[in-house]
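The values are calculated or read from the model by the stated rules, or taken from the named source; none is laboratory data. Nothing here was measured: the structure is a model prediction, and the numbers come from that model. Ideal geometry is used to build each Cβ from the backbone, glycine not excepted, and the neighbour counts take in all protein chains shown.
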Amino acid sequence: MSGFSDYKGRIVDTLVGLPFAADNAKDVYRTILAGTKDANSKELAMPAGYMFKHVPELGESDPVATLIAAMDRNGVDVALVQVGIDFGADAVIEAAAAHPDRIRLQLEVNPIDPVETVRQMQRLSDEAGIVAAGTFPAGTGIPLNDRLVYPVYAKCVELDIPFFSTAGVPGPRRRLAPQKVELIDDVMFDFPELRFVIRHGAEPWEELAVKLLLKWENLYYSPSAFAPKYYPRAIINFANTRGADKVMYAGYYPFGLTMERSMSELADVPFRDHVWPKFLFENARRVLRLDKPRS
């Protein structure tokens, strides 16, 4: 019998942020907070803090060393770290340059200006070797199937990188309409070559997400921002039956979950033996092209 513990040290975590000082939280979450109207959101440690019992404590003096140490303690080999559009991009790029085998980069985009966004994607592909792009539609207010995002999808196909997006009801108190799960059907119809990864659960439409994962060859799913004990049952069943090649691990460090909590709960997820290596690293390495020689 094999299981989660057999693969520690090889895990690819597809949603990680570089730890930041608590005093910088409002800069990190600037775009999200700008679109909230309730007073409580601005008082929380992070915009969806009401959903998490123990938001990781921040404020380490050496964020890169803190991240690498957390990865080492928890058996994470590679972290896909977001390059933010609002705050801290230079520090993240420098961290990836210093640890090229451990930190890979995903550019977080706001496609309100698609021409500049595409230029930014090309620039960071050339200069920093980004391996993915992504967005938070509820945060930008731009629906997944909006014409403004289409040049970004086309550029992802050109660069041969996947696109990650949250879907379902957002945690931050922003409108859910831009990331309704059914919008992904339009995207996959128009961009069948695009590798698209659903983030943040797709709830309460996780069963619809499963139907779309079956329908579209290049559509994938990661249960980011979910403590493993809360993984949607529909996704666990899908992975154990027809979807082992479609799901990949993602945590939520340092935003809402510690790596320690995620790893402590993973062992109890009822995946079948053949699912574990695919979920923990094989699918992510394939979708992100992590084994492709760098130019």
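So here's what we get for this one:
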quantity	calculated
Any hit, segment 192-209, residues being under 16 Å from Y150 (Cβ atoms), within 19 Å of the chain's Cα centre (by Cα), of a type outside the set (V, I, T) and surrounded by fewer than 20 Cβ atoms within 10 Å (Cβ to Cβ)	yes
Residue in segment 269-283 that is buried (at least 22 other Cβ atoms within 10 Å of the Cβ), among the polar types (S, T, N, Q) and assigned to a helix (DSSP H, G or I) present	yes
Those residues of segment 284-295 which are in a loop (DSSP other than H, G, I, E, B) and surrounded by 20 or more Cβ atoms within 10 Å (Cβ to Cβ), in sequence order	L288
Residue count, segment 216-249 (criterion: part of a strand (DSSP E or B) and farther than 18 Å from L266 by Cβ)	2
Breaking point among (1) under 18 Å from D77 (Cα atoms); (2) touching a His at 6+ places or on another chain (Cβ under 8 Å), for A244	(1)
Residue check, G201 touching a strand residue (DSSP E or B) at 6+ places or on another chain (Cβ under 9 Å) and at pLDDT below 95	yes
Only one of R233, R242, R199 that is within 12 Å of F164 (Cα to Cα) and among the basic types (K, R)	R199
Enumerated strands (runs of 3 or more DSSP E) restricted to segment 114-215, each holding at least 2 residues that are touching an Asp or Glu at 6+ places or on another chain (Cβ under 9 Å) and not charged (D, E, K, R)	132-135
Answer residue from segment 210-226, given it is out of contact with any strand residue (DSSP E or B) (no Cβ under 8 Å at 6 or more places or on another chain) and buried (at least 20 other Cβ atoms within 10 Å of the Cβ) and is nearest to R272 (Cα to Cα) among those	V210
Within segment 166-220, tally of residues that are charged (D, E, K, R) and under 24 Å from Y252 (Cβ atoms)	9
Enumeration of residues in segment 241-267 that are out of contact with any Pro (no Cβ under 7 Å at 6 or more places or on another chain) and among the charged types (D, E, K, R)	R242, D245, K246, E260, R261
Lone unmet requirement of (1) touching a Gly at 6+ places or on another chain (Cβ under 9 Å); (2) modelled with pLDDT under 95 for P100	(2)
In segment 250-260, the residues that are crowded, with 22+ Cβ neighbours inside 10 Å and assigned to a loop (DSSP other than H, G, I, E, B)	A250, G251, Y252, P254, F255, G256, L257
Output for segment 245-295, where each listed residue is of a type in the set (D, E) and within 21 Å of F164 (Cα to Cα)	D245, E282, D291
Residue that is surrounded by the most Cβ atoms within 10 Å (Cβ to Cβ) [pool: residues in segment 94-113 that are more than 17 Å from the chain's Cα centre (by Cα) and part of a helix (DSSP H, G or I)]	A95
Residues located in segment 117-129, provided they are more than 16 Å from G84 (Cβ to Cβ) and either surrounded by 12 or more Cβ atoms within 10 Å (Cβ to Cβ) or aromatic (F, W, Y) (or both)	V118, R119, Q122, S125, G129
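This table checks each residue for (1) under 20 Å from the mean Cα position of the chain (by Cα); (2) modelled with pLDDT of 95 or more; (3) aliphatic (A, V, I, L, M).
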residue: Y253; (1), (2), (3): yes, no, no
residue: P270; (1), (2), (3): no, yes, no
residue: E282; (1), (2), (3): yes, yes, no
residue: V287; (1), (2), (3): yes, yes, yes
residue: D291; (1), (2), (3): yes, no, no
